[in-house]
Amino acid sequence: MPNTYEFYWDTDAEAFVEKMADAYKRFWNADRKAKAKAIGLSQSEVTTLASIVESEQRRHPDEWPMIAGLYLNRIRKNWKLDSDPTLVFALGDFSKRRVYNEDKKVESPYNTYKYLGLPPGPIRIASPRAIDAVLDHKKHDYMFMCAKPGMGSYHNFAKTLRQHNANARKFHQWQNKEGIH
């Protein structure tokens with residue numbers, strides 16, 4: 001679990017692992033385990049999804065429960081996640097500000113434009129707050145999201161592909177105007 005821990009210089013590997021395991025067990029209490037089970041995900045899968053949610057929205061954690069709900073809707077409907085952060089991870093170019101259709105052809109189990117379900121592991125270390133956002137996700141009918149034009153970094157959510165395409169057109173026009181490649 002990401003946190004601040006105090007260790008002394010003479011802490012051996014066994015004591016280190018024990019302390020980390022204890023922190024993990026304390027975090028994954030009965031309530032969190034029950035919530036994970038209720039949404040049909042293992043603790044590892046919740047952590048992987050939380051890493052995607054947190055990567056999708058780095059500026060506004062208040063949007064995490066909404067994004068988590070959207071991804072859970074896609075998983076329930078057996079849709080691909082189509083997550084830009086997983087694609088950036090698969091490409092290994094973390095400076096990338098814009099993904100293109102050509103990028104979606106990369107061969108990687110982390111390419112959620114190509115493969116169904118969650119990738120094989122997290123794409124970053126998920127914070128406890130992001131994990132809780134997945135466990136306490138917002139229930140809604142949204143299936144699509146696109147960043148809003150401007151530098152605010154919030155998202156427009158949509159229930160239909162038609163609504164999403166309209167949102168995406170506005171965002172791409174803004175990116176082009178700003179010279180974001």
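The table that follows gives values for the structure above.
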| read-out | value |
| --- | --- |
| Helical mean residue ellipticity (222 nm; -39500 (n - 2.57) per DSSP H run of 4+; nearest 500) of the chain | -14500 deg cm²/dmol |
| For the chain: accessible area per residue (Å², 1.4 Å) | 60 |
| Surface share of carbon and sulfur [accessible, 1.4 angstrom probe, percent] for the chain | 51 |
| Within the chain: Cβ-based charge dipole about Cα centre, in debye rounded to nearest 20 (Lys, Arg +1; Asp, Glu -1) | 1160 |
| Local electrostatic count at residue 73 - Lys and Arg +1, Asp and Glu -1, tallied over other residues with Cβ under 10 Å | +4 |
| Positive dipole terminus of the stretch 22-90, leading residue within 40, 61, 72 (C-beta point charges) | 40 |
| Cα Rg, Dmax, the chain, angstrom units | 17.9, 60 |
| Links that overshoot a 29 Å alpha carbon limit, given the list 33/96; 33/138; 80/138 | 33/96 |
| Inter-centroid distance (Cα atoms) of the stretch 39-65 relative to the stretch 124-181, Å | 14 |
| Dipole magnitude (debye, nearest 20) for the stretch 27-130, charges at Cβ of Lys, Arg, Asp, Glu | 200 |
| Residue 38-residue 80 FRET efficiency (beta carbon distance; Förster radius 35 Å; 0.05 resolution) | 0.90 |
| Shape call, the stretch 1-60: gyration tensor on alpha carbons, a/c limit 1.5 | oblate |
| Gained length - residue 105 relative to residue 177, 0.36 nm times residue gap less alpha-carbon distance | 23.3 nm |
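The values are calculated or read from the model by the stated rules, or taken from the named source; none is laboratory data. Everything quoted here is computed from the prediction, not taken from an experiment. Don't worry about glycine lacking a Cβ; one is built from the backbone with ideal geometry, like all the others, and counts go over all protein chains shown. What goes into the accessible areas is simple: the full protein's heavy atoms, side chains included, and nothing from ligands, DNA or RNA. Shrake-Rupley method; radii C 1.70, N 1.55, O 1.52, S 1.80 Å.
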